[in-house]
Each structure stands twice: as C-alpha cells, then as structure tokens.
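Peer 1: My questions all concern the structure below.
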Amino acid sequence: MKKQYQRGGVLGALLATILFLATACETVQTTQSGVVGVDRSQRMAISSTEIDKAATQQYAQLIAQEQKKGNLNRNAAQVNRVRAISNRLIQQVAAFRPDARNWRWEMNVLSSAEVNAWCMPGGKIAVYTGLMEKLNVTDDELAAVLGHEMAHALREHARERASEQAIAGMGIQIISAIAGLGDLGAKGMEYAYMGLLGLPNSRGHETEADRIGVELAARAGYDPRAAITLWQKMGAVGNGGGPKFLSTHPPREDRISDLTAYSAKVMPLYQQARR
C-alpha cells in the first residue's frame, strides 16, 4: 500500500509539474473554428519557425532519397490527380487560417505498398501509391485523406506534440531527480505520462483533423461522406487502429460515428459548392 501511495504521489507531482511548465508556454489558437467548431486553444513551447525549418529540411532529404530510389512521381496520372485535388482543397484553407493560402505547398506521390499519406508543417504533402491502389480510392475519398492530413498542418499538431513532449521531458527529469527514481523509475513515469496525457492528446489531434478534413472537402466540392467509406476500407485492409487505450488513433467505430455526424454537419457546404 505504501509503495502504491508513493507511486501515486510521484505521478501526481509529475502531472502538477507538467501543468506548471505548460502555463509558461505561449497560448495560441492556430486556426479559426470553422463550421465544425474546432476551437481548442493550444500551448506551444516551440516556435513555428523552428518546426517549419526542421520539416522543410526533413522533407527535402526524404524526397531526394525517394528520387534516388526511383520512387518519386513515377505515374504522371496519379501525380496529376493528387495535385488537382490538393489544389482544390488549398483554395479552401482560408476558412481555417488565411495565411495558409500563401504556404509553399508541395505534393508528391511515392511508390510504396504502404497505405499512407501525410502532410508536414508548412504544407509538404506525400501520398503513397499503396493507398490509392489497395483502397481503390475515389476522388472524394482521396480528398478526405488529403483534407485530414492538411488539417494536421493547419492545426500545427506536430508543433504541439513537440512542445508537449519537451514539457513532459523536463517534468520527468525534474521529478526523477528530486525523488531519486533512477532510470527505471523515469521510464515508468514516461509510460504513465503517455497513458494519462500523451495518447489521449494524440487521439484528440486525429479527431480534430477528421473534422477539419471533412469541412475542407465539402467546401471544395467533394462529398464529405466519403470519409466514412474511406475508413471502412481502411478497416478491411487492417488499418483501422488497435485497442483504444494504446492507440494514438481513435477506434474505427468511434471514428466512423464521429465522421457520420460531422459530415452531415457540413453537407450544406458541399451542396453549395456543387451548385
């Protein structure tokens, strides 16, 4: 009982320390709320300049490596398709943050069996051929993917996660030193942090990106309900997410339920764009 109490006291101290450090961070609202109502404020310990610089360098290195391997933009039709859909979505980003219209957006297609796509900070997009080919995505479904990934960049989730990890790291170091926990104790605190704060926040990021993504798609004239069929396809190929407690993505059933509600919410935008 005493050890359990001590562990609880240390975890409480860790959370208190993290919260104290977080109060010293810059509080920002990276995007406007849009019709979907994403209006959560964010605490940042790292500047957007730092994150954007790192992302630009990492993207350039990755693209150069893929080009050297012969995996970059091999299929002109696929590249044109991704860029055409992306450009329509980019025209709508001002609904969430006007400055993003002036980002140096880049869209490339990588030949890989992996079912994946991503958008780095500042608008650096990559779509894997496995996603298009294995899922046989429609244009509406591809817009759902791209809108979701672009939403992560618009909301600066990478910067927020890096800030959160930096704060947590400082908190763990401080409490470990004070409590004399050693390496094993510090590792246990890292796992506790991930379970209590880290993973739930990551799932929250995914939900925000889902909601912003369906609004971007709807505003661009793509059926927002395609996000539902997309995740149904994801589930069929085994990419629907693992156990709720350990996954950084919401469970597929929860995700589909949320997408159903929010795609209905933005249907008027889609209908207006289709006129």
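Peer 1: Scan Leu135, Leu72, Leu154 and give me the residue that is within 16 Å of the chain's Cα centre (by Cα) and not small (Gly, Ala, Ser).
Peer 2: Leu154
Peer 1: Any residue at all in segment 250-264 that's surrounded by 15 or more Cβ atoms within 10 Å (Cβ to Cβ), modelled with pLDDT of 95 or more, within 24 Å of Phe96 (Cα to Cα) and among the hydrophobic types (A, V, I, L, M, F, W, C)?
Peer 2: Yes, segment 250-264 has at least one match.
Peer 1: Find the residue count for segment 102-148, including only residues that are among the acidic types (Asp, Glu) and either crowded, with 21+ Cβ neighbours inside 10 Å or touching a helix residue (DSSP H, G or I) at 6+ places or on another chain (Cβ under 7 Å) (or both).
Peer 2: Number of matching residues: 4.
Peer 1: Counting only residues that are part of a loop (DSSP other than H, G, I, E, B) and within 18 Å of the chain's Cα centre (by Cα), which one in segment 75-101 is surrounded by the most Cβ atoms within 10 Å (Cβ to Cβ)?
Peer 2: Within segment 75-101, the match that is surrounded by the most Cβ atoms within 10 Å (Cβ to Cβ) is Phe96.
Peer 1: Which pairs have Cβ atoms under 9 Å, sit 6 or more apart or on different chains, and link a residue in segment 64-91 that is in contact (Cβ under 8 Å) with a residue 60 or more places away in the chain to one that is surrounded by fewer than 17 Cβ atoms within 10 Å (Cβ to Cβ)?
Peer 2: Arg81/Asp139; Ile85/Asp139; Ile90/Arg101; Gln91/Arg101
Peer 1: Moving on. Quick check: anything in segment 53-64 at pLDDT 95 or above, surrounded by fewer than 17 Cβ atoms within 10 Å (Cβ to Cβ) and more than 19 Å from Pro121 (Cα to Cα)?
Peer 2: There is no residue in segment 53-64 that is at pLDDT 95 or above, surrounded by fewer than 17 Cβ atoms within 10 Å (Cβ to Cβ) and more than 19 Å from Pro121 (Cα to Cα).
Peer 1: Hey, which of the helices (runs of 4 or more DSSP H) in segment 106-198, taking only ones fully inside, have at least 3 residues that are at pLDDT below 85 and of a type outside the set (D, E, K, R)?
Peer 2: Here the list reads 157-179, 182-193.
Peer 1: Another question, then. What tally of residues in segment 39-52 results from selecting those that are of a type in the set (Asp, Glu) and exposed (fewer than 13 other Cβ atoms within 10 Å of the Cβ)?
Peer 2: Adding up the residues that qualify gives 2.
The values are calculated or read from the model by the stated rules, or taken from the named source; none is laboratory data. Every value quoted in this text rests on a predicted model; they were computed, and no experiment measured them. Don't worry about glycine lacking a Cβ; one is built from the backbone with ideal geometry, like all the others, and counts go over all protein chains shown.
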